Amino acid sequence: MTISKKNNIKSLLLVISILLVLNLISNSYFHRFDLTKDKRYTLSPTSLTIIKQVQNPLSIKIYLQGDLPSEFKRLQSETQDLFEEFQAYNKNIIFEFVNPLENKDESMDNIKELYRKGLTPINITVDDRGKQSQAMVFPWAIAVYNNKEVNIPLLKNSMGASTSQKVIGSVQHLEYSIADAINKITKDKQRKVAVIKGNGELQDVQIAKFLLQVRESYHIGPFTLDSVAKNPVESLEALEKYDLAIIAKPTETFSDAEKQVLDQFIINGGKTIWLIDQVSVEMDSLYNDAGATLAYPRDLNLNDLFFKYGFRINPDLVKDERGSPIKLATGEQGSATQYQEFNWKFAPQIYPNSSHPIVKNLGGIKFDFANPIDTLKNEIKKMVLLQSSPYSKKIGCPIEVNLNSVTEETSPNDYLNKGNIPVSVLLEGSFHSVFENRVLAFEQKTFEVRGKESKMIVISDGDLIRNQLDKNFQPVELGYDQRSGNLYDNKDFLINCVNYLLDDNGLINIRSKDLDLPLLDKEKVYDRYSLIPFLTIGLPILILLLFGIGFTFLRKRKYSR
């Protein structure tokens, strides 16, 4: 055997040995490289922690399959890439794409079944060079784990947004939606949510959609403060078994004993969401012959409690030029009655401009008769989550609210230096008891003046959590306004509030992820409809053909000599 052959064999064995060593190392150390600028496919530490919880097969059916419009093909592609990333870290995650409309004979049964499970389709208009057609798309997935099932929304609805904008917003939320669903289905419920009753709060049917959504992730139950009058200490001990208390639009005054129970719940680390109306006025009371009602301050005996924590809800109304649409009868009454759409300025549409994960990337949120919130100086950290538009102002109460106000004319000068009024605030820190240096409402051996680190969210509109009822008195989707047909992001905002206050694994922070998702400009594509296919398909083929001809010519020329 020649020396050169021996060297070749040695080199081959060396290469094989190196490859074997690298293979062994790769089996022990797993890593994926994300070369995208925005790190789109780099899962957050929270997602990786949630993935580790999947110990048994997790089956996921994704209904984004079939002849989809171009924007939804992009959503399909991004969804597949992200699920592949989840699967790469845990082989127990199994997913498949399904076309519910593939078999015409079975499609109607499939649609009914998906409807029954709460997977509503969207009908979109496809515009192909001026030719319009309708397409039905199911932007959903269903995950099944240990005989438990959960729906995964893949498309985030944003009122007024184009399909392309909705897709961009949806891709921003994909990791959060998938991780949240996996967390719900694999992790046992641990946190407890109390819905406070006893002071004229909203009835269960009025907040049914919110309760159903919260119940997917947390234990939830009513907690009536009526027992405080008989045994306040036991009531406090019972309330402290909960992690979050929700006070949804109370209309009756709180006693000092009830305030002490709530106060000590907060001091001991309990989280709270306050949905408070400081002005008594209802939209339904406007639909009378006069088309008017009186708005007057409501005394809940909570002002001193709020003041101590560092905020104040004023007994005023927010009037905003960026209101919600309302349809009113115009012209003659009877069979000739016509309805016209007006801008109702006492129902502001709030669009978040904060980067906080609770409100980031949310669409419009509808308020009804919101009140201004003032933040007061103390050591508590405060973050304004939602505020009115620059063209808004406070209206003092008592005042008559009249439907005829929809026709009034205004100018920008009417709102000079008056807008951007806070209507929802997050407070974080160690709260001081309102009963500090005061006589207690009842004797309490465990009374504390300064509390543990805690959080609370204040919303100056009790109706934000309220779902409307249909003609059969059944609840409709939270955020859906039957008067205008618009769907607002009220439910997403409230669920984000709950998740932020109770989230110990940082799931809500995934929503802070920013992605740069460029989409094709349809107008330019239409203008250059013949050129685009040539540049994307024909040009590469032409270059390859020229390269082949040139290479063949040079090869013949070289070897023909």
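The values are calculated or read from the model by the stated rules, or taken from the named source; none is laboratory data. Computed from a prediction, not measured in an experiment: that's the story for all the values here. Counting neighbours? That spans all protein chains shown, and the Cβs are built from the backbone with ideal geometry, glycine included. For the accessible areas, the whole protein counts, side chains as well, though only heavy atoms, and no ligand, DNA or RNA atoms are used. Shrake-Rupley method; radii C 1.70, N 1.55, O 1.52, S 1.80 Å.
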Requested in this report: Could you list, in sequence order, all residues of the stretch 278-289 that are in contact with a Leu (Cβ under 9 Å, 6 or more places away or on another chain) and either in contact (Cβ under 8 Å) with a residue 12 or more places away in the chain or open to solvent by 50 Å² or more (accessible area, probe 1.4 Å) (or both)?
Outcome: 278, 279, 280, 281, 286, 287
**Report entry** Subset tally (residues that are touching a residue at least 60 places away in the same chain (Cβ under 8 Å), surrounded by 20 or more Cβ atoms within 10 Å (Cβ to Cβ) and out of contact with any His (no Cβ under 9 Å at 6 or more places or on another chain)) for the stretch 186-195
**Finding:** 1
Query raised in the report: How many of the residues making up the stretch 262-290 are over 26 Å from residue 236 (Cβ atoms), of a type in the set (A, V, I, L, M, F, W, C) and either in a loop (DSSP other than H, G, I, E, B) or in contact with a Cys (Cβ under 6 Å, 6 or more places away or on another chain) (or both)?
Result: 4
Query - Cross-chain or 6+ apart pairs with Cβ under 6 Å, the stretch 455-466 first and assigned to a strand (DSSP E or B), then of a type in the set (Ser, Thr, Tyr) and at pLDDT 95 or above - result: 456/272; 459/424
Query raised in the report: So is residue 242 out of contact with any His (no Cβ under 6 Å at 6 or more places or on another chain), open to solvent by 20 Å² or more (accessible area, probe 1.4 Å), over 24 Å from residue 474 (Cα atoms) and aromatic (Phe, Trp, Tyr) or not?
Result: yes
